[in-house]
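The values are calculated or read from the model by the stated rules, or taken from the named source; none is laboratory data. Remember, it's a predicted structure, so these values are computed and weren't measured experimentally. Neighbour counts run over all protein chains shown; Cβ positions are idealised from the backbone, glycine included. These area figures cover heavy atoms from the full protein model, side chains too; ligands, DNA and RNA do not enter into them. Shrake-Rupley method; radii C 1.70, N 1.55, O 1.52, S 1.80 Å.
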Amino acid sequence: MSLVTRVMVLGGSGTGKSWLAMRLAALAGLPAYHMDQLSWMPGFVHRSTGQLDALTREIHAQEHWIIEGGHYETMHERAARAHLLIWVDPSRPVQVARVAWRSLRYHNRTRPGMGEGCRETFGWHTLDAIAYARTSRQFHRDRATEVIAAAGPRLALAHIRSGWQARRFLRRCAPVPRTRGFLLQP
(Lines give C-alpha, C1' and ligand atoms only; values in the text may rest on other atoms or scores of the structure.)
Protein backbone atom coordinates (compact mmCIF):
# COMPACT_ATOMS: atom_id res chain seq x y z
CA MET A 1 0.00 0.00 0.00
CA SER A 2 1.18 3.53 -0.70
CA LEU A 3 1.45 6.35 1.81
CA VAL A 4 -1.84 6.94 3.66
CA THR A 5 -2.49 10.62 4.36
CA ARG A 6 -6.31 10.81 4.30
CA VAL A 7 -8.44 8.58 6.52
CA MET A 8 -12.18 8.34 7.18
CA VAL A 9 -13.27 6.75 10.46
CA LEU A 10 -16.93 5.70 10.59
CA GLY A 11 -19.07 4.06 13.25
CA GLY A 12 -21.86 4.79 15.67
CA SER A 13 -21.82 6.56 19.01
CA GLY A 14 -19.49 4.94 21.54
CA THR A 15 -17.75 2.64 19.07
CA GLY A 16 -14.27 4.05 19.71
CA LYS A 17 -13.88 6.29 16.64
CA SER A 18 -12.42 9.25 18.54
CA TRP A 19 -10.01 7.08 20.53
CA LEU A 20 -8.73 5.41 17.36
CA ALA A 21 -8.51 8.67 15.38
CA MET A 22 -6.53 10.41 18.13
CA ARG A 23 -4.04 7.56 18.43
CA LEU A 24 -3.62 7.24 14.68
CA ALA A 25 -3.13 11.02 14.36
CA ALA A 26 -0.41 11.00 17.02
CA LEU A 27 1.33 8.03 15.42
CA ALA A 28 1.22 9.34 11.84
CA GLY A 29 1.50 13.10 12.35
CA LEU A 30 -1.87 13.69 10.69
CA PRO A 31 -4.42 16.24 11.89
CA ALA A 32 -7.56 14.65 13.34
CA TYR A 33 -10.95 16.25 12.89
CA HIS A 34 -13.92 15.07 14.91
CA MET A 35 -17.42 15.51 13.56
CA ASP A 36 -18.70 16.17 17.10
CA GLN A 37 -16.25 19.08 17.43
CA LEU A 38 -17.32 20.45 14.06
CA SER A 39 -21.05 19.88 14.64
CA TRP A 40 -21.54 21.20 18.16
CA MET A 41 -21.02 24.75 19.37
CA PRO A 42 -20.99 25.60 23.12
CA GLY A 43 -24.06 24.42 25.00
CA PHE A 44 -24.82 21.68 22.44
CA VAL A 45 -26.01 24.16 19.81
CA HIS A 46 -25.85 22.34 16.49
CA ARG A 47 -24.40 24.02 13.40
CA SER A 48 -26.64 24.16 10.36
CA THR A 49 -26.22 21.49 7.69
CA GLY A 50 -24.92 24.15 5.28
CA GLN A 51 -22.27 25.30 7.77
CA LEU A 52 -21.20 21.73 8.43
CA ASP A 53 -21.09 20.93 4.71
CA ALA A 54 -18.76 23.90 4.15
CA LEU A 55 -16.50 22.96 7.08
CA THR A 56 -16.15 19.33 6.04
CA ARG A 57 -15.51 20.23 2.40
CA GLU A 58 -12.78 22.65 3.46
CA ILE A 59 -11.11 19.92 5.52
CA HIS A 60 -11.35 17.07 3.03
CA ALA A 61 -9.97 19.29 0.27
CA GLN A 62 -6.66 19.28 2.19
CA GLU A 63 -3.88 16.75 1.60
CA HIS A 64 -3.60 15.42 5.16
CA TRP A 65 -6.46 14.47 7.47
CA ILE A 66 -8.22 11.97 9.62
CA ILE A 67 -11.94 12.73 9.79
CA GLU A 68 -13.93 10.68 12.25
CA GLY A 69 -17.68 10.65 12.50
CA GLY A 70 -20.69 10.87 10.30
CA HIS A 71 -22.12 13.95 8.61
CA TYR A 72 -23.25 11.69 5.84
CA GLU A 73 -24.24 14.59 3.60
CA THR A 74 -20.60 14.88 2.46
CA MET A 75 -19.61 11.26 3.12
CA HIS A 76 -19.19 10.26 -0.53
CA GLU A 77 -17.04 13.32 -1.24
CA ARG A 78 -14.72 12.37 1.65
CA ALA A 79 -14.62 8.77 0.46
CA ALA A 80 -13.58 9.91 -3.02
CA ARG A 81 -10.50 11.63 -1.51
CA ALA A 82 -9.71 9.15 1.27
CA HIS A 83 -6.98 6.54 1.02
CA LEU A 84 -8.44 4.42 3.82
CA LEU A 85 -11.80 3.93 5.49
CA ILE A 86 -11.80 2.53 9.01
CA TRP A 87 -15.18 1.16 10.07
CA VAL A 88 -15.30 0.79 13.87
CA ASP A 89 -18.09 -1.68 14.57
CA PRO A 90 -17.99 -3.41 17.99
CA SER A 91 -20.88 -5.40 19.42
CA ARG A 92 -23.91 -3.57 20.77
CA PRO A 93 -23.10 -4.41 24.45
CA VAL A 94 -19.56 -3.02 24.03
CA GLN A 95 -20.92 0.11 22.37
CA VAL A 96 -23.46 0.71 25.15
CA ALA A 97 -20.85 0.10 27.86
CA ARG A 98 -18.49 2.60 26.22
CA VAL A 99 -21.19 5.27 26.09
CA ALA A 100 -21.93 4.77 29.80
CA TRP A 101 -18.23 4.74 30.75
CA ARG A 102 -17.53 7.86 28.68
CA SER A 103 -20.39 9.69 30.39
CA LEU A 104 -19.08 8.76 33.85
CA ARG A 105 -15.40 9.32 33.02
CA TYR A 106 -15.92 12.81 31.59
CA HIS A 107 -18.77 13.88 33.88
CA ASN A 108 -18.94 17.69 33.98
CA ARG A 109 -16.06 18.01 31.47
CA THR A 110 -15.79 18.23 27.72
CA ARG A 111 -14.53 14.90 26.44
CA PRO A 112 -11.83 14.68 23.78
CA GLY A 113 -13.32 14.94 20.31
CA MET A 114 -16.41 16.87 21.45
CA GLY A 115 -17.23 20.51 20.74
CA GLU A 116 -15.89 23.10 23.14
CA GLY A 117 -18.35 23.94 25.91
CA CYS A 118 -20.30 20.69 25.51
CA ARG A 119 -19.90 18.97 28.86
CA GLU A 120 -20.70 15.35 29.52
CA THR A 121 -23.11 14.69 32.34
CA PHE A 122 -23.63 11.39 34.06
CA GLY A 123 -27.30 10.82 34.81
CA TRP A 124 -30.45 11.06 32.71
CA HIS A 125 -28.36 12.31 29.80
CA THR A 126 -26.46 9.01 29.95
CA LEU A 127 -29.68 7.06 29.44
CA ASP A 128 -30.52 9.24 26.43
CA ALA A 129 -27.02 8.69 25.00
CA ILE A 130 -27.31 4.92 25.50
CA ALA A 131 -30.75 4.89 23.84
CA TYR A 132 -29.34 6.87 20.90
CA ALA A 133 -26.41 4.46 20.52
CA ARG A 134 -28.76 1.47 20.55
CA THR A 135 -31.39 2.89 18.20
CA SER A 136 -28.97 4.48 15.71
CA ARG A 137 -26.65 1.47 15.46
CA GLN A 138 -28.24 0.08 12.29
CA PHE A 139 -28.41 3.53 10.68
CA HIS A 140 -24.64 3.98 11.09
CA ARG A 141 -23.95 0.44 9.89
CA ASP A 142 -26.09 1.06 6.80
CA ARG A 143 -24.23 4.31 6.01
CA ALA A 144 -20.83 2.60 6.36
CA THR A 145 -21.95 -0.26 4.12
CA GLU A 146 -23.28 2.26 1.59
CA VAL A 147 -20.03 4.24 1.34
CA ILE A 148 -17.96 1.05 1.12
CA ALA A 149 -20.12 -0.30 -1.71
CA ALA A 150 -20.09 3.01 -3.59
CA ALA A 151 -16.31 3.46 -3.27
CA GLY A 152 -15.56 -0.05 -4.46
CA PRO A 153 -12.10 -1.62 -4.31
CA ARG A 154 -10.30 1.73 -4.82
CA LEU A 155 -10.81 2.61 -1.14
CA ALA A 156 -8.84 0.47 1.32
CA LEU A 157 -10.97 -0.79 4.20
CA ALA A 158 -10.25 -1.77 7.80
CA HIS A 159 -13.31 -3.22 9.56
CA ILE A 160 -12.57 -3.16 13.29
CA ARG A 161 -14.91 -5.06 15.61
CA SER A 162 -13.07 -5.01 18.95
CA GLY A 163 -10.56 -3.12 21.04
CA TRP A 164 -8.07 -5.90 20.39
CA GLN A 165 -8.47 -5.45 16.62
CA ALA A 166 -8.08 -1.66 17.00
CA ARG A 167 -4.78 -2.06 18.88
CA ARG A 168 -3.60 -4.66 16.34
CA PHE A 169 -4.49 -2.27 13.50
CA LEU A 170 -2.48 0.55 15.10
CA ARG A 171 0.55 -1.76 15.38
CA ARG A 172 0.30 -2.33 11.60
CA CYS A 173 0.52 1.43 10.89
CA ALA A 174 4.14 2.34 10.21
CA PRO A 175 4.89 6.07 10.31
CA VAL A 176 7.19 7.38 7.61
CA PRO A 177 10.05 9.54 8.97
CA ARG A 178 10.04 13.21 8.01
CA THR A 179 6.60 13.07 6.42
CA ARG A 180 2.94 13.00 7.43
CA GLY A 181 1.16 9.72 7.00
CA PHE A 182 1.80 6.02 7.41
CA LEU A 183 2.18 2.77 5.56
CA LEU A 184 -0.22 -0.03 6.44
CA GLN A 185 1.81 -3.19 7.00
CA PRO A 186 0.27 -6.60 6.20
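For the stretch 92-186, the per residue solvent-accessible surface stands at 64 Å², with DNA, RNA and ligands left out and a 1.4 Å probe.
What the Cβ-Cβ distance of residue 119 and residue 3 gives, at R0 = 41 Å and to the nearest 0.05, is a FRET efficiency of 0.60.
For the chain, set up a Gaussian network in which alpha carbons nearer than 10 Å are linked by springs, and say which option among 65, 40, 164 fluctuates the most. Per the Cα network of the chain with a 10 Å cutoff, 164 tops the list.
Estimated purely from DSSP H runs of n ≥ 4, each contributing -39500 (n - 2.57), the mean residue ellipticity at 222 nm for the chain is -15000 deg cm²/dmol once divided by its residues. Rounded, prolate or oblate for the stretch 75-120? Axes are the square roots of the Cα gyration tensor eigenvalues, ordered a ≥ b ≥ c, and the cut-off for rounded is a/c under 1.5. It is oblate, given that a/c is not under 1.5 and a/b is not larger than b/c.
The distance between label points at residue 185 and residue 81 comes to 3.0 nm (points 7 Å beyond Cα on the Cα→Cβ vector).
Considering only alpha-carbon pairs that sit under 8 angstrom and 6 or more positions apart, the relative contact order computed for the stretch 18-126 is 33 percent.
A straight line joining the Cα centroids of the stretch 147-171 and the stretch 28-89 runs 17 Å.
Rolling a 1.4 angstrom probe over the protein heavy atoms with all chains in place gives the stretch 24-89 an accessible area of 41 Å² per residue. For the chain, the longest principal axis of the C-alpha atoms and the axis of helix 163-172 are separated by about 30°. Mean separation of Cα pairs under 8 Å and 6 or more residues apart, divided by the residue count, gives the chain a relative contact order of 34 percent. Modelled spin-label separation between residue 128 and residue 91, with each label point placed 7 Å from Cα along the Cα-to-Cβ direction: 3.0 nm. Annotation: extensible slack from residue 162 through residue 139 equals 6.3 nm (criterion: 0.36 nm per residue apart, minus Cα-Cα distance). For a paramagnetic label modelled at 7 Å from the Cα of residue 46 toward its Cβ, which residues of the stretch 114-129 fall within the zone defined by backbone nitrogen distances under 17 Å? Residues 114-116, 118-119, 128-129 qualify, since their backbone N sits under 17 Å from the label point.
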